[in-house]
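Participant: One structure, pasted below without further comment.
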């Protein structure tokens, strides 16, 4: 049957149904006052009348028949979803998994962590969180995350119990990554890289970091943190990732020639010998924002200074000064966050500052449309503007604008044209808790766009 | 695309059919018979129906209610369908689901305070038989000194009386309205009032059955609220008689139960339980707060249907006070979420302005929690889950639900609240909130209908008297109302039309009719420029008695 015939047939059926449905009223015969009340056991309706005839019922038969197809389709499509959900619930699988990884008092837990950002491999791992073993107020926080041979991150953070006279927090970190990103040490824009015949490249880093820190409140919202660090990093050629070539092929003296076998130390200072430094740093922070609020209000100012001294063959000496100002304006269940971060690295000897010690205004607190490590320089400045609002009791969305760049010493080549903008959107998932405006974050997802492409950042349980 | 063409034609045909079906039709006459006040759904069941297979599947059932059931409802083009458990006076007769109480014959304050029948308050000491393995409230299954079983529930720390008070008050009001509920009693427990049965166990984490030790009891007691002197307040809920069959579904019928003749979503008593839920802020109303038991009475075994668990009513959300969004937002709201998303947060739900009020209220009345009253809009009430029966509620069902709620006088509300044993100020505030919410419900759901009740015909069919519930319950004043009255015969032929203004809540109108045939008087209330949905009184001539009798009352859907 062709489409015209189908149409006419359907029309004829539908019209005839309408006519039939509008036929005369149904009348129930009276049965007299002595008949007794209507009795559903006898198949009677409780009001004693015959069932109402709904003319729409007949008229809607055809549309219902047609819509029956997606109805059945949906049922079939959702059937496996319900079966899986049912199996999980009936066997309490989620609960079993949680309690297999959690102590009875919930003070010791192990849970999975997931991290992904565009341009890098997704990594998964576990986090061990223990607030019992070392005493009240203490913390043992172990994390391990991997993306196979390309990435392995292990971190241990220890916080002593509250009763400790001078509480010192200790951190150890080991990182192996063979797709870390490098694209110059002067905050090169895409055009500059192209003009230089360079591009984004990948290198390998093995890092061991030890840190000891002490933080204390001074007056009201003012606090001071002191820290000492030992940091050892070795570098090697990276792998090709996402179209980016290994660093040796891009940052050698004459790229594209057979002599291009090792990284040019002038372009990537410190690559050959690595980093071996000890550091001493102090952070002064004034923070008036409430810690547990989903929509914080207030401001924070942070000043950080770090002295780095090369050891064991590393001749570098430098001072890093950084500042971070954040202003959070709460408007009901919305917050506007304005942040300006900047810093500079001042060499204190003739030796170059190792490239990995330079400032990079990228990552989750930098220009989010750029890959982590995309910009590096002796000075950096980035402004973030984020507007976040509630879309559901447990879900927030945000729009964000970042604008930043990296420059030479003392912001020498600073220029607005050398700063890169990015825009993005984000989602945050919160727990169901006593009040929705104080609930804690479970996971976050951000998508940011810049002239160099788009970037997705996902973190859960971190 | 023949399929799309055919679909277009089919949809046009259905629209035409709908338009035509709205034109005047003939009259469905009521037989001249006594009104049915019993559903007779308590016949002997030879074989026990199987227990509910989904009793623990909270997430799966929620997912199903939000997705396949909802899409099925929309795609099946169900439209508004009248409830089926309704008699000739537009009332719900007595059944195993519901039995009319306060709105047809008001209960005394004492009866309200007594609540549902049961074994009475527990006699101490209590023996712990098992942990409370379902729900989020803290508690135990216990047996009293007489061997009577109870479910013991405690208040969360910091909120003494919140859960126990909500259980006491709401279960009494639901029972007084006509629903089946287990009886609940307050108890205060000291250290020696609880002992552990040697065989007692509890289900840890939902899957691991363990012996119930003293340590576990202390663990629970660490989380519960106490009186200043250290005693623990709890509510003891009577264990229901009979064989427990699990919760009933709000859609379809229970398989294996021949008495279950009406699909649950077409029961007015379930549809309009939404209005009770709105009044008492039962944001957690769902399949899971119901229970069927196979009982034996007068030599017959049949299924009785209960509403249970009122811990999440009033201002309580069991573990905490309600969030401002509880009772105002579903767990998942596609449209609202999308609106918030695209409007960059300039679209706000009404509850988003309540944070300061919430802080103040919870600090001032921790035993009550969050129960908004002033400015509360009943139409904004939402249960966390989608409840299939609620979604099918028609304005006629809602009107009936409002009849239940507005039947409670201030004195009766006071009697119910007293049973919660709240601090005095909290008690006053709760009573005030329930009164304000009741009155808001009257305006929301009584006014859209012509609130005609108890029609009586006299003087040979010339005078029709009735109660106007909207006026009687203060939703509107008599001078604001005008009735448009039409009298027709059994063929729909209009015999007279008139307009009347009532002088009070029990008006009498002249019909101008002197005939002996079947008549239908249609009354449409008009107030403040709005026409309410009409009510139609059917009356017939009873030859033997030589008088007219009202044989039915129907309302527009």
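The values are calculated or read from the model by the stated rules, or taken from the named source; none is laboratory data. Because the structure is predicted, anything quoted here is derived from the model rather than measured. Note: ideal-geometry Cβ built from the backbone for every residue, glycine included; neighbour counts use all protein chains shown.
Participant: Do the conditions hold for residue A:84, that is, is it modelled with pLDDT of 95 or more and either within 26 Å of residue B:70 (Cβ to Cβ) or more than 9 Å from chain B (Cβ to nearest Cβ) (or both)?
Facilitator: Spelling it out, residue A:84 is indeed modelled with pLDDT of 95 or more and either within 26 Å of residue B:70 (Cβ to Cβ) or more than 9 Å from chain B (Cβ to nearest Cβ) (or both).
Participant: For the range B:178-185, indicate whether the set of residues that are closer than 20 Å to residue B:225 by Cα and either surrounded by fewer than 20 Cβ atoms within 10 Å (Cβ to Cβ) or touching a residue at least 24 places away in the same chain (Cβ under 8 Å) (or both) is non-empty.
Facilitator: Within the range B:178-185 (the criterion being closer than 20 Å to residue B:225 by Cα and either surrounded by fewer than 20 Cβ atoms within 10 Å (Cβ to Cβ) or touching a residue at least 24 places away in the same chain (Cβ under 8 Å) (or both)), the answer is yes, since at least one residue qualifies.
Participant: Can you tell me which of (1) within 14 Å of chain B (Cβ to nearest Cβ); (2) in contact with a helix residue (DSSP H, G or I) (Cβ under 8 Å, 6 or more places away or on another chain) is the one residue A:346 doesn't meet?
Facilitator: Of everything listed in (1) within 14 Å of chain B (Cβ to nearest Cβ); (2) in contact with a helix residue (DSSP H, G or I) (Cβ under 8 Å, 6 or more places away or on another chain), residue A:346 misses just condition (1).
Participant: How many residues are surrounded by fewer than 17 Cβ atoms within 10 Å (Cβ to Cβ), closer than 20 Å to residue B:327 by Cα and either touching a helix residue (DSSP H, G or I) at 6+ places or on another chain (Cβ under 7 Å) or more than 8 Å from every other protein chain (Cβ to nearest Cβ) (or both) when one looks only at the range B:339-354? Quick ask: steps written out before the conclusion?
Facilitator: Our first condition is that a residue be surrounded by fewer than 17 Cβ atoms within 10 Å (Cβ to Cβ); within the range B:339-354, this holds for B:339, B:342-344, B:346-347, B:350, B:353.
Narrowing further to those that are closer than 20 Å to residue B:327 by Cα: B:339, B:347, B:350, B:353.
Keeping just the survivors that are either touching a helix residue (DSSP H, G or I) at 6+ places or on another chain (Cβ under 7 Å) or more than 8 Å from every other protein chain (Cβ to nearest Cβ) (or both) gives B:339, B:347, B:350.
Qualifying residue count for the region: 3.
Participant: How about the range B:363-429: which helices (runs of 4 or more DSSP H) wholly inside it have at least 2 residues that are over 30 Å from residue B:58 (Cα atoms)?
Facilitator: B:395-406, B:410-418
Participant: Being assigned to a loop (DSSP other than H, G, I, E, B) and more than 23 Å from residue A:312 (Cα to Cα) is the filter here; which residues of the range A:263-292 pass it? Let's see the steps before the verdict.
Facilitator: First pass over the range A:263-292, keeping only residues assigned to a loop (DSSP other than H, G, I, E, B): A:263-274, A:288-292.
Answer for the range A:263-292, where residues must be assigned to a loop (DSSP other than H, G, I, E, B) and more than 23 Å from residue A:312 (Cα to Cα): A:288, A:289, A:290, A:291, A:292.
Participant: May I ask you to verify whether residue A:306 is buried (at least 21 other Cβ atoms within 10 Å of the Cβ), away from chain B (no Cβ under 14 Å) and more than 22 Å from residue A:421 (Cβ to Cβ)?
Facilitator: Details: buried (at least 21 other Cβ atoms within 10 Å of the Cβ): no; away from chain B (no Cβ under 14 Å): yes; more than 22 Å from residue A:421 (Cβ to Cβ): yes.
Here the answer is no, as residue A:306 does not meet what is asked.
Participant: Hand me the list of strands (runs of 3 or more DSSP E) wholly inside the range B:496-557 holding 1 or more residues that are within 13 Å of chain A (Cβ to nearest Cβ) and in contact with a strand residue (DSSP E or B) (Cβ under 6 Å, 6 or more places away or on another chain).
Facilitator: B:519-527, B:535-542, B:547-555
Participant: Given the structure, is residue B:375 without any contact (Cβ under 8 Å) to a residue 40 or more places away in the chain and closer than 23 Å to residue B:323 by Cβ?
Facilitator: So residue B:375 passes the test.
Participant: For the range A:166-173, check the following and say yes or no: at least one residue is closer than 30 Å to residue A:410 by Cα and surrounded by 14 or more Cβ atoms within 10 Å (Cβ to Cβ).
Facilitator: So far as the range A:166-173 goes, no, none of its residues is closer than 30 Å to residue A:410 by Cα and surrounded by 14 or more Cβ atoms within 10 Å (Cβ to Cβ).
Participant: Of everything in the range A:346-361, what is in a loop (DSSP other than H, G, I, E, B) and either in contact with a strand residue (DSSP E or B) (Cβ under 7 Å, 6 or more places away or on another chain) or under 20 Å from residue A:233 (Cβ atoms) (or both)? Give them in sequence order.
Facilitator: Within the range A:346-361, A:348, A:349, A:351, A:352, A:353, A:354, A:358, A:360, A:361 qualify.
Participant: Still on this model: Pull up the range B:22-44, narrow it to residues that are more than 7 Å from every other protein chain (Cβ to nearest Cβ) and more than 27 Å from the chain's Cα centre (by Cα), then point me to the one that is modelled with the highest pLDDT.
Facilitator: B:44
Participant: Could you figure out which of (1) in contact with a strand residue (DSSP E or B) (Cβ under 8 Å, 6 or more places away or on another chain); (2) over 20 Å from residue B:397 (Cβ atoms); (3) not in a loop (DSSP other than H, G, I, E, B) isn't true of residue B:288?
Facilitator: With respect to (1) in contact with a strand residue (DSSP E or B) (Cβ under 8 Å, 6 or more places away or on another chain); (2) over 20 Å from residue B:397 (Cβ atoms); (3) not in a loop (DSSP other than H, G, I, E, B), residue B:288 is out only on (1).
Participant: So how many residues does the range A:362-388 have that are touching a helix residue (DSSP H, G or I) at 6+ places or on another chain (Cβ under 7 Å) and either outside any strand (DSSP E or B) or within 14 Å of another protein chain (Cβ to nearest Cβ) (or both)?
Facilitator: Here the count works out to 2.
Participant: Separate question: Which one of A:163, A:213, A:199 is at pLDDT below 95 and under 26 Å from residue A:282 (Cα atoms)?
Facilitator: A:163
Participant: In the set B:360, B:403, which member is surrounded by fewer than 20 Cβ atoms within 10 Å (Cβ to Cβ) and either away from every other protein chain (no Cβ under 14 Å) or under 30 Å from residue A:396 (Cβ atoms) (or both)?
Facilitator: B:360
Participant: If we scan the range B:104-111, do we find a residue that is in contact with a helix residue (DSSP H, G or I) (Cβ under 7 Å, 6 or more places away or on another chain) and either part of a loop (DSSP other than H, G, I, E, B) or within 14 Å of chain A (Cβ to nearest Cβ) (or both)?
Facilitator: Keep residues of the range B:104-111 that are in contact with a helix residue (DSSP H, G or I) (Cβ under 7 Å, 6 or more places away or on another chain), which gives B:107, B:109.
Narrowing the set further to residues that are either part of a loop (DSSP other than H, G, I, E, B) or within 14 Å of chain A (Cβ to nearest Cβ) (or both) leaves B:107.
Yes, some residue in the range B:104-111 is in contact with a helix residue (DSSP H, G or I) (Cβ under 7 Å, 6 or more places away or on another chain) and either part of a loop (DSSP other than H, G, I, E, B) or within 14 Å of chain A (Cβ to nearest Cβ) (or both).
Participant: Quick one: which residue in B:130, B:116, B:83 is more than 14 Å from every other protein chain (Cβ to nearest Cβ) and touching a helix residue (DSSP H, G or I) at 6+ places or on another chain (Cβ under 8 Å)?
Facilitator: Result of the check over B:130, B:116, B:83: B:116.
Participant: Give me the pairs: first residue in the range A:51-75 and more than 7 Å from chain B (Cβ to nearest Cβ), second residue surrounded by 13 or more Cβ atoms within 10 Å (Cβ to Cβ) and at pLDDT 85 or above, beta-carbon distance under 7 Å, and six or more apart or on different chains, which are they?
Facilitator: A:51/A:45
Participant: Please find, among A:151, A:168, the residue that is under 25 Å from residue A:126 (Cβ atoms) and out of contact with any helix residue (DSSP H, G or I) (no Cβ under 7 Å at 6 or more places or on another chain).
Facilitator: A:151 is the lone residue from the list that is under 25 Å from residue A:126 (Cβ atoms) and out of contact with any helix residue (DSSP H, G or I) (no Cβ under 7 Å at 6 or more places or on another chain).
Participant: Give the residues of the range B:48-73 that are more than 9 Å from chain A (Cβ to nearest Cβ) and closer than 17 Å to residue A:71 by Cβ, sorted by residue number.
Facilitator: B:65, B:66, B:69, B:70, B:73
Participant: How many residues are more than 25 Å from residue B:452 (Cβ to Cβ) and buried (at least 18 other Cβ atoms within 10 Å of the Cβ) if we restrict to the range B:76-98?
Facilitator: Adding up the residues that qualify gives 2.
Participant: So, one more: Tell me, please, whether a residue that is away from chain A (no Cβ under 14 Å), closer than 27 Å to residue B:398 by Cα and touching a helix residue (DSSP H, G or I) at 6+ places or on another chain (Cβ under 9 Å) can be found in the range B:459-467.
Facilitator: No, the range B:459-467 contains no residue that is away from chain A (no Cβ under 14 Å), closer than 27 Å to residue B:398 by Cα and touching a helix residue (DSSP H, G or I) at 6+ places or on another chain (Cβ under 9 Å).
Participant: What's the total number of residues in the range B:291-312 that are crowded, with 24+ Cβ neighbours inside 10 Å and assigned to a loop (DSSP other than H, G, I, E, B)?
Facilitator: Residues that pass the stated criteria total 4.
Participant: Whether any residue in the range A:244-261 is buried (at least 19 other Cβ atoms within 10 Å of the Cβ), touching a residue at least 24 places away in the same chain (Cβ under 8 Å) and in contact with a helix residue (DSSP H, G or I) (Cβ under 6 Å, 6 or more places away or on another chain) is what I want to check.
Facilitator: Checked against the condition, which is being buried (at least 19 other Cβ atoms within 10 Å of the Cβ), touching a residue at least 24 places away in the same chain (Cβ under 8 Å) and in contact with a helix residue (DSSP H, G or I) (Cβ under 6 Å, 6 or more places away or on another chain), the range A:244-261 yields no hits at all.
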